[in-house]
Amino acid sequence: MTTYNAAFFGLFENVFKLLKQEYGEERALELFSELMTTGLSKSYGNDFKKGDLGEFERMVGERDKMVGLKVEFIRNSANELVYQFHDDPFPNLKGLVDPQKLDRCYMAFKIRYILGEEWRYRTTKHLWSGDQYTEHQIYKVK
């Protein structure tokens, strides 16, 4: 049984499909990123300590739980965190867009907004590739 909020994420899937149909993939990804930025910035607010991995875990974890996603955080060090998605929020976009490009629409914003410009991420596993979960390794550039 699916645990994530399929109706909520289905709306975003449909928006992306419409944008891609009307404007092409590149512009659809740009607009989808703007949509994610607008929604997530309102959700996260401004009352947090920027650059703190604990704040990232708390804020992102609370929001993901609120929308029904099962996620896990694994702290490797003070400058590295693993963020795992055990649910696929956008399963109906598989095959329609590169997963790294789609994930960048929200991951780049989360990293920049909560942690800052000196933080990066790389995707090491993905549900769309047959992995058990999607995994993003978040790290501070030294």
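Residues of segment 81-112 that are of a type in the set (S, T, N, Q) and under 19 Å from Gln137 (Cβ atoms): Gln84, Gln100. Of all residues in segment 108-120, those that are more than 15 Å from Val60 (Cβ to Cβ) have Cβ atoms under 7 Å from Cβ atoms of residues that are open to solvent by 10 Å² or more (accessible area, probe 1.4 Å), 6 or more apart or on another chain, in Glu118/Lys140; Glu118/Val141; Arg120/Tyr139; Arg120/Val141. Checking each residue of segment 43-51 against the condition of being at pLDDT below 95, among the hydrophobic types (A, V, I, L, M, F, W, C) and surrounded by 13 or more Cβ atoms within 10 Å (Cβ to Cβ) gives at least one match. Of the residues making up segment 36-50, those that are touching a helix residue (DSSP H, G or I) at 6+ places or on another chain (Cβ under 7 Å) and without any contact (Cβ under 8 Å) to a residue 24 or more places away in the chain number 2.
Just so you know, in segment 1-42 the residues that are polar (S, T, N, Q) and either in a helix (DSSP H, G or I) or open to solvent by less than 30 Å² (accessible area, probe 1.4 Å) (or both) include one that is modelled with the lowest pLDDT, and it is Ser41.
Would you check if there is a residue in segment 62-69 being at positive phi, in contact (Cβ under 8 Å) with a residue 60 or more places away in the chain and more than 11 Å from the chain's Cα centre (by Cα)? Within segment 62-69 (the criterion being at positive phi, in contact (Cβ under 8 Å) with a residue 60 or more places away in the chain and more than 11 Å from the chain's Cα centre (by Cα)), the answer is yes, since at least one residue qualifies.
Enumerate the strands (runs of 3 or more DSSP E) found wholly within segment 52-142, keeping only those where 3 or more residues are touching a helix residue (DSSP H, G or I) at 6+ places or on another chain (Cβ under 8 Å), open to solvent by 40 Å² or more (accessible area, probe 1.4 Å) and farther than 22 Å from Thr38 by Cα.
On the way: elements: 71-77, 80-85, 119-125, 134-140.
Result: empty, no element qualifies.
The values are calculated or read from the model by the stated rules, or taken from the named source; none is laboratory data. Bear in mind the structure is a predicted one, so any value in this text is a computation, not a measurement. No Cβ is skipped: glycine too gets one built from the backbone with ideal geometry, and neighbour counts run over all protein chains shown. Side chains are part of the model used for accessible areas, which takes the heavy atoms of the whole protein and leaves out ligands, DNA and RNA. Shrake-Rupley method; radii C 1.70, N 1.55, O 1.52, S 1.80 Å.
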